[in-house]
Structure formats: C-alpha cells, structure tokens
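Laboratory data are not the source of any read-out in this text; all were calculated from the coordinates shown. The shown structure was predicted, so the numbers you read here are calculated from the model rather than taken from an experiment. A quick note on method: Cβ atoms are made from the backbone with ideal geometry, for glycine too, and the neighbour counts reach across all protein chains shown.
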Amino acid sequence: MPSSTRLRLHSMGFSRWLNRTVGFFVFFILDIVDFLLCFTYKTLDFFFESEWKPCYCCPPPEAKPAAAGGSRGGKMIVSDRSGEYSKVVSLTRTKIHLDEISDTLYSRPSLLTRLTKLVKCFKKNAAECCDEPKKRSSSSKKTLLTVNSTVVDKLQRTPRWSDCHCTFCTSWLSSSNHSLFVNVQQPKENKAQENVVFIHGFLSSSTFWTETLFPNFSESAKSNYRFLAVDLLGYGKSPKPNDSLYTLKEHLEMIERSVISQFRLKTFHVVAHSLGCILALALAVKHPGAIKSLTLLAPPYFSVPKGVQATQYVMRRLAPKEVWPPMAFGASVASWYEHVSRTVSLVLCKNHHLLEFLTKLLTRNRMRTYLIEGFLCHTHNASWHTLHNIIFGSGNKVEAYLDHVRDNVDCEVTVFHGGRDELIPVECSYGVKRKVPRARIHVVPDKDHITIVVGRQKEFARELELIWRKSTTTPQLHSN
C-alpha cells in the first residue's frame, strides 16, 4: 500500500476518532442541559399558561385501555410494552381512529438516562436485575397498553407563549375552514391542461418553490400547467394547532382536503423535496390512478436491516450524534433534545422578523430572505412531531410505499440528489432505484440538500418540464 494512501487512511481514522470523542462530551453536556430545561419549561408553562405541560422525557406510564364509549372526545397515545408499535387514539362518540406515531418521541436513550438506570439497578437485588429481561420478554407477548403523558383533552388553537404571535404566523386563525395555505399559479381564464403539486421538505415552506421555480418556468409551461405549492400543516401560513401530533394521517388528510378536493384534481404531477417525498409516496399509494409523474428530490429512504427497529435506525442515520459536519450536528440537536430544540425555536422562530431585518441590513438588501421565512415560520410542536412521526416514524413504511409504486402506480419516477448532500446521503436515491428499477436517478455534482434547487432553478425548471412532457406523450410500461 502506498505511503500516501496509508497516511490518508490514518488521517481519516483520527478525524473519526476526534469527532466521536468531542461528540461524546458535547452531547453529554446537552443531555444535562436538556434535563434542566425540562424543569425550566414546566415552570414557565405553568406561569404563562396556568397549566403543567407534559413532555416526552420519560417513558409513558402504564394504564388500562380506555373504553370506546367512555369518552366523548380527545386524544391519547397508547403503545404496547414491547415498543413494537405506538398509536394515537382519537376518541369520538362514534368511532376510534388509530394513527401510528414514532416511538422515538419518548425513546431517545442518552448517557444521562443510562447512568440513572445503572444507579437504580445497583440499588436492586442482583437477581431481580438478571431476571428483568425475561420478565420483559414474557410480558411483551401480552397486549398491554400504556398511555403517554401527552394527553390532549381539548382543542388548543391559540399560539403558546413560546411561539411567534406575528400576523404572518397566526394568519390561519382568521380563517374558518383551517385548510392548508396553497400558493397557486395558473393560466388566465383557468384553462390549465394539467396540474402540478409541489410539496416542500422539513423546516421549509411553499416559498421554496414559488421563489425559485415558479418565475423560471417557460411561458409554454405557465400556459398549460396549474402550479400548486402547499404549506404543510404547521409550516408557513398553514394552521399550526397545538393539539395536533402531526402524524402522517393528519398531513395526508390536510393535503387531500386542501389541494386535491379543494381544486378538484383528477390527475396531477408531484414534485417533492426531502420530507415531502414521504408524503408524495403516501399520496401515490392512496391515489395510484391520479399520479402522472413523481419527481423526488433527496428522498429519505433507508433500507433497514432485518431485525432492527426501523424508527431508531433511521433516527441514528439522520442524527448520528456527531459534531461534524455542522448539518449532522444540527440534525442531532433537533432530533434528540426536545427542550434544547424548543429553546432554539424560542430564540429564532419567535424573532424571525428581526433575523430577516438583520440579514437584509448586513447584506445591504442583496440577499433574499425567503429561505429564512421557510426555515423559521413554524412552531416547535409542529417541527418536533413532524420530524419524529413522519421522517423517523415512516422508516418501516417507505419500503412498502416504493413496492406499491413499482407494481401499481403507472407513472414516471425521477429522482434528483445533490452529490454533496450531507443530510440525506446519495445512497438513499440509489436505494429507491433498487426498489423501483424504472426510476431515473440524477446525481448533481457539487450540490447539497438545498442547492439541488436553489442556484440552479432555471436548469431544474427545464428538467421538470421535460419530465412532464414525457409523462404525457409516453405510456409507462412496467411488469408486476
């Protein structure tokens, strides 16, 4: 082996060791900070809202399942003791709705919790500690339901004290139907021949599309297509209800009600980025005959090894608890620390207008701030639950969605990925190709998770128009 190669391998090994060592101490400190912030926010919540607000710091306490007819309304979270599934139970007078939620909401092991459990274990009898796994495995055979402490008994639509109260973020409160905000660009006299639905990613909004692609479509495209860019539930100008757990079912139902039903879409193309790719695939499964083409940008699909819990695997892949690169560190803080991330949201999101002003001032108004709007105009409740319930919680669903698209959805499937994407690795797109062989993969060199669109919007607009024309003129053939 050449000496230069050995030196490079040695350097890589040292960098990896340094990253893990520094990360160990940094995240241990964050464990302590998050623990302290838990009590701080409970006190502040009680002071400002006269109510103790529950959190996900502790595992859900055990409880007996509630009878269907014993409650007129409300929601509670239940799970089996083995941790294999979790459900949101919405009790009404007539029926019970079950929505899957992610166990990562309340199962995020840290060094601090492990040390606490270790101390408790030493206090117990040694024999009891040894027999505990056997008891747990035997109890998992029974269907024991537990109720999470995050029980929502009544509708809470007013913003919390730690959320932004500006007219932009609360504009949805003045509407009576509480539908999603949809930015529509269509030809004059409503003579569009086809529809295109744009779904943004995590911590973003419809401006990700309207400020980049919409102005750069050709006149031909603008005269033939109706473009609909939606603000997802909890983002931008869309509703941000405090009682929502932002499950996949809630997101899909809002898109169906606010876009598909509202605009009477019979067929449509879908363009989705990051988190939006999961929702796009779920839409394709529910409306296989309506999808004319699927364009996915940086889809978060991870092939989960057998015997591994999918939700935990995806969380560790996307948020590996490393301090470098910065994108991985930010994802780790947002994913593992409920109260630290709430503090970040309190500082940044509640003051997004000030940040936009400072950005314009420092750049002499040369930098457009639409990305800041998308990144900061949300609530912590929305971002926290969407991250866990959609991105992590769908870890065991995306594979089935791709199988369904391969066998039952007759449409063009095109995937774009930035060659330097540090958040969603390129292997995710190649995984989509393995599941859906007809999918076309385009890896764009020197582009990351954002610049896959921003900075190359003219080129990407032409690529999209070509995809739509092909899907219209070329029948799709695939074998089951």
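Here is how the numbers come out for the structure above:
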{"item": "Difference of contour (0.36 nm per residue) and Cα-Cα distance, Phe47 to Asp243", "result": "68.6 nm"}
{"item": "Burial order of peptide ranges 101-110, 419-428 (average beta-carbon count within 10 Å, highest first)", "result": "101-110, 419-428"}
{"item": "Linear extension gain, Asp403 paired with Lys266, 0.36 nm per residue minus alpha-carbon span", "result": "47.0 nm"}
{"item": "Partner aspartates and glutamates for Lys266 [C-alpha distance under 18 Å; skip if fewer than 8 residues away on the same chain]", "result": "Glu194, Glu253, Glu256, Asp410, Glu412"}
{"item": "Of Lys240/Lys360; Lys188/Lys397; Lys222/Lys433; Lys240/Lys397; Lys292/Lys397; Lys53/Lys350, those spanning more than 29 Å from alpha-carbon to alpha-carbon", "result": "Lys188/Lys397; Lys222/Lys433"}
{"item": "Protection proxy ranking, peptides 38-48, 320-330, average beta carbon neighbours within 10 Å, highest first", "result": "320-330, 38-48"}
{"item": "Virtual paramagnetic centre 7 Å along Cα→Cβ of Arg462, amide N under 19 Å, in the stretch 181-224", "result": "212-223"}
{"item": "Under 15 Å, Cβ to Cβ, from Arg420 - net charge with Lys/Arg +1 and Asp/Glu -1", "result": "-3"}
{"item": "Projected label distance in nm at Arg434 and Leu362, using a 7 Å step from Cα toward the beta-carbon", "result": "4.2"}
{"item": "Highest to lowest packing among 347-360, 167-180, scored as the average C-beta count within 10 Å", "result": "347-360, 167-180"}
